[in-house]
Amino acid sequence: MLKQELEILLSPALAFDEFARYEALLNQAGLRPGEADYVHLRRRSIDARGRQPLVRLRADIYRNGTPADLFGPWFVYPNVKQDARRVLIVGAGPAGLFAALRCLELGLKPIVLERGLDVRARRRDLAAINKDHLVNTDSNYCFGEGGAGTYSDGKLYTRATKRGDVGRVLRRLVQHGATPDILVDAHPHIGTNKLPAVVQALREAIIDAGGEVRFGTRVMDLVLDQNRLRGVVTVAGEMLEAEATILATGHSARDIYELLDRRGVLIEAKPFAMGVRVEHPQELIDRAQYRQADRGLLPAASYSLVHQTEVQGRQRGVFSFCMCPGGFIVPAATAPGEVVVNGMSPSRRDSRFANSGIVAAVELEDLDVRQYGALAGLRFQQALEQRACQAAGGTQQAPAQLLGDFLKKKTSGQLLDTSYQPGLVSVRMDDVLGPVLAERLRRGFQDFGRKIPGYATNAAQIVGVESRTSAPVRIPRDKDTLQHPVVRGLFPCGEGAGYAGGIVSAAMDGERCAEAVLAVLS
């Protein structure tokens, strides 16, 4: 079998037309139609640096034979033995689900405990937040099957390529229903509308192989025997014991941080970032990025921005986070009395709005560590979220301000249409954010306006607050065993423990923790 590797730049009209793309690749290889047995598209990315945007393709052309299993290998999960060692996994987000699948491969029996509901039942609670402003503390945009990732676009791009096998995670997702395009696109995403089916398939694979997934099972206490974790106590009062517990609760499980602190389990305050969501017409971003009024076959344009600021003698970065082209702003509060916003996009990214978190770094010296200790960052988040709720009237309506008015420190008389279903209330965002954070964001927006024409104007509005960018707490672990340095049997995992920052990095960390459990038990 002969394989020829190619890289080619094509216009969008050719790149996104399957037959035209096929002919162009063959022509680049010096072949005519019919002279290749298989064309495998390996990578696709948008190059918008020139006057006209182009699509860069990498492909392999095969002759004298067809390759086998290009998207594999697929994973077969042997049915775990009934007497297998039990591993408790707290949290059914990406870290928890992938830890469970890896446990099965290693002959361990995973028991996944999820405080929220399955993806189908969870939709009712999301509707209640959007329509009735009712926040279920166990089932919301952050808690429930699949975690926050299920309803936050399913972005799969990660820079954490040294922490695990990214391709392995993507192939697992394709095996369980994600489009094979995620193996090709430079910035892959699944889409909020398609993720629930993928997450459900992952859960069914765990159960079919002998694992357990229990919903509505919030952990209320730890079963500690001196410096060893023997198990947990659930909200129903049931005590579950296991030889190891993987704690993969996500960045918003504040009650778990409180529990660890109360029980004397070592945790640490860590830096994070906070800010707002900025919402533009998608057409404005398309025009700025693609330099043409109609993007045609090109996907909704995105952006990535960063700026260094200095306020009151302290330098902090301001940057875009979780950019959602063709997306929606959603309410991500996990308790009544707080307003939190996040972003998501459907797979087609066809909303008329673009939104992104614009956040500023919060370092330990910005926090009251002396008073609150390891929970200082958590208290800082809570204060802003509660202030946002009070400013907007005590419901899930969110405080907002036109971006141009924010830069001029001027109250907005009228806001724009928005994708945020609970609605917006015009306020001065300085009153919500506080003077230092507001000034950092203001300077960041001024810089971004110089980089993207029309960005920092009243064509956009900011919505607050974007506060759940990452965990404000780190649960320490040994760098070799991944076990807590003091409490044996406890394996802090994923984004909630401070070791991941997105779906793929959390999934890889879940796999690593499962492998670490086996190594310690052996």
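Can you find a residue that is among the acidic types (Asp, Glu) and either open to solvent by 60 Å² or more (accessible area, probe 1.4 Å) or free of Cβ contacts under 8 Å to residues at least 12 places away in the same chain (or both) anywhere in the range 301-317? Yes: one or more hits. Only one of the listed residues (Val517, Val465) is open to solvent by less than 20 Å² (accessible area, probe 1.4 Å) and either under 30 Å from Lys410 (Cα atoms) or among the basic types (Lys, Arg) (or both). That residue is Val465. Scanning the range 254-270 for residues that are open to solvent by less than 50 Å² (accessible area, probe 1.4 Å), outside any helix (DSSP H, G or I) and closer than 14 Å to Gly377 by Cα gives Ile267, Ala269, Lys270. Within the range 470-522, the set of residues being in contact with a Gly (Cβ under 7 Å, 6 or more places away or on another chain) and of a type in the set (Ser, Thr, Tyr) comprises Ser470 only. Considering the range 189-215, the residues that are of a type in the set (D, E, K, R) and part of a helix (DSSP H, G or I) include one that is least open to solvent (accessible area, probe 1.4 Å), namely Arg203. Being open to solvent by 30 Å² or more (accessible area, probe 1.4 Å), touching a residue at least 60 places away in the same chain (Cβ under 8 Å) and part of a helix (DSSP H, G or I) is a description that does not apply to Glu511.
When Gly30, Gly50 are checked against the criterion of being without any contact (Cβ under 8 Å) to a residue 40 or more places away in the chain, over 30 Å from Ala201 (Cα atoms) and under 32 Å from the mean Cα position of the chain (by Cα), a single residue qualifies: Gly50. In the range 157-179, the qualifying residues are those that are at pLDDT 90 or above and within 22 Å of Ala300 (Cβ to Cβ), and the one that is farthest from the chain's Cα centre (by Cα) is Thr179.
Can you say whether Leu14 is hydrophobic (A, V, I, L, M, F, W, C), touching a helix residue (DSSP H, G or I) at 6+ places or on another chain (Cβ under 7 Å) and open to solvent by 40 Å² or more (accessible area, probe 1.4 Å), as far as the supplied structure shows? Yes: the conditions hold for Leu14. Among the numbered conditions (1) buried (at least 18 other Cβ atoms within 10 Å of the Cβ); (2) assigned to a loop (DSSP other than H, G, I, E, B); (3) among the basic types (Lys, Arg), the only one that Arg21 does not meet is (2). Looking at Arg442, Arg387, can you tell me which residue is farther than 27 Å from Asp132 by Cα, assigned to a helix (DSSP H, G or I) and among the charged types (D, E, K, R)? Matching residue, one of Arg442, Arg387: Arg442.
Consider Ser345 carefully, then state whether it is among the small types (Gly, Ala, Ser) and closer than 21 Å to Phe143 by Cα. Yes.
The values are calculated or read from the model by the stated rules, or taken from the named source; none is laboratory data. Just so you know, these numbers come straight off a predicted model, no measurement behind them. With ideal geometry, Cβ positions are generated from the backbone for all residues, glycine too; neighbour counts draw on all protein chains shown. Side chains are part of the model used for accessible areas, which takes the heavy atoms of the whole protein and leaves out ligands, DNA and RNA. Shrake-Rupley method; radii C 1.70, N 1.55, O 1.52, S 1.80 Å.
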